[in-house]
Amino acid sequence: MAHSTFPARFEFLDEIRSLVAQVAREGGFSEKDIYSLQLAADEAASNIIEHAYAGISDATLEITCNMQGSELIITMRDTGKPFDPSKVKQPNLKADLSERQIGGLGLYLMRKLMDEVRYETNARTGNLLTMIKRRG
Amino acid sequence: MEITTQEFKHCDLVKVKGRVDSATAPDFSKALEKANNDGKFKIVVDMSELEYMSSAGFRALLATQRNCKRYNRGELVLVSVPQRIHEALELAGFTELFKTFDDAIEAVGSF
């Protein structure tokens, strides 16, 4: 089981994607799925760094990534601002160029790319994101 | 990520290589903004050697497309979009916002 703590900075997204790719490859996922998993992990970590930790430079992000049977499970734990996904507006993918909003696209992609995306907030331990993808 | 910009008579060709994510997207945005600031609104983005792009890169493309298309002064088009990146753009509903070409000469010639 891969378990790593990363500085919550965008420069570490590369390493986060590599970690996920390695576990997914060992778990027998296709190259298409590996790309999807990397993208979902990147969007999730980017959101945490940008929003939960907005402006905090010495924060950390704890990530686990492991296979359970035919499922790959990624968790990300942070101690930043709580996140309520129900407050994020669904992006309108049919809107004209001028009306198109980019906000909420990360979460939308995560949900499309993964089979399950779950956010929990605990006053003591912080925020926990769990994402699951089943091997096709 | 590495960016090279080549100026043609009717458009600029911006080639972006490697990976565009939240760490590198600001530099990608800057390269596109620079073209706009120089009065260039017809832009071809060559993705033939692009390995990865997250929504941070999509955001840069969208902002530039808006700026290029304003007053009908131009357009940003994409060339040689790798399959995985195309799939992600499609998932985000972005494919209809950008014309795509299979090769750079054809894209440059379209302006």
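Before moving on, here are some points about what is shown:
- Filtered residue count, the range B:25-40, keeping only those that are surrounded by fewer than 18 Cβ atoms within 10 Å (Cβ to Cβ) and in a helix (DSSP H, G or I): 6
- For the range A:71-95, the tally of residues that are at the interface with chain B (Cβ under 9 Å from one of its Cβ atoms) and of a type outside the set (A, V, I, L, M) stands at 3.
- Any hit, the range B:82-98, residues being outside any helix (DSSP H, G or I), more than 10 Å from chain A (Cβ to nearest Cβ), free of Cβ contacts under 8 Å to residues at least 40 places away in the same chain and not aliphatic (A, V, I, L, M): no
- On the stretch given as the range A:102-132, residues that are within 14 Å of chain B (Cβ to nearest Cβ), among the small types (Gly, Ala, Ser) and part of a loop (DSSP other than H, G, I, E, B) total 2.
- Residue satisfying all of: in the range B:1-17; touching a Phe, Trp or Tyr at 6+ places or on another chain (Cβ under 8 Å) and assigned to a strand (DSSP E or B); nearest to B:Arg84 (Cα to Cα) among these: B:Val16
- Counting only residues that are charged (D, E, K, R) and at pLDDT below 95, the range A:64-84 holds 2 of them.
- Annotation: of all residues in the range A:56-70 being closer than 14 Å to A:Pro7 by Cβ and part of a loop (DSSP other than H, G, I, E, B), the one that is farthest from the other protein chains (Cβ to nearest Cβ) is A:Asp58.
- Selected residue (criterion: farthest from A:Glu11 (Cα to Cα)) from residues of the range B:41-69 that are in contact with a Cys (Cβ under 7 Å, 6 or more places away or on another chain) and surrounded by 20 or more Cβ atoms within 10 Å (Cβ to Cβ): B:Phe41
- Candidate set: the range B:63-81, residues that are free of Cβ contacts under 8 Å to residues at least 24 places away in the same chain and more than 10 Å from chain A (Cβ to nearest Cβ); chosen: the one nearest to B:Ala104 (Cα to Cα): B:Asn72
- Every residue from the range A:86-101 that is surrounded by fewer than 17 Cβ atoms within 10 Å (Cβ to Cβ) and in a loop (DSSP other than H, G, I, E, B): A:Val88, A:Lys89, A:Gln90, A:Asn92, A:Leu93, A:Lys94, A:Ala95, A:Asp96, A:Leu97, A:Ser98, A:Glu99, A:Gln101
- From the options B:Ala23, B:Ala60, residue that is without any contact (Cβ under 8 Å) to a residue 12 or more places away in the chain and in contact with a Phe, Trp or Tyr (Cβ under 8 Å, 6 or more places away or on another chain): B:Ala23
- Residues of the range A:1-55 that turn out to be aromatic (Phe, Trp, Tyr) and either in a loop (DSSP other than H, G, I, E, B) or more than 11 Å from every other protein chain (Cβ to nearest Cβ) (or both), as a count: 3
- Flag if A:Thr130 is at pLDDT 90 or above and over 23 Å from A:Ser36 (Cβ atoms): no
- Just one of the listed residues (A:Ala52, A:Ala59, A:Ala21) is touching a helix residue (DSSP H, G or I) at 6+ places or on another chain (Cβ under 7 Å) and surrounded by 14 or more Cβ atoms within 10 Å (Cβ to Cβ), namely A:Ala21.
- Test: B:Glu87 is more than 30 Å from A:Ala21 (Cα to Cα) and modelled with pLDDT of 95 or more: no
- Scanning the range A:21-59 for residues that are among the hydrophobic types (A, V, I, L, M, F, W, C), touching a strand residue (DSSP E or B) at 6+ places or on another chain (Cβ under 9 Å) and closer than 26 Å to A:Gly126 by Cα yields A:Val23, A:Leu37, A:Leu39, A:Ala40, A:Ala41, A:Ala44, A:Ala45, A:Ile48, A:Ile49, A:Ala52, A:Ala59.
The values are calculated or read from the model by the stated rules, or taken from the named source; none is laboratory data. Keep in mind that what you see is a predicted model, and the values were worked out from it rather than measured. Neighbour counts run over all protein chains shown; Cβ positions are idealised from the backbone, glycine included.
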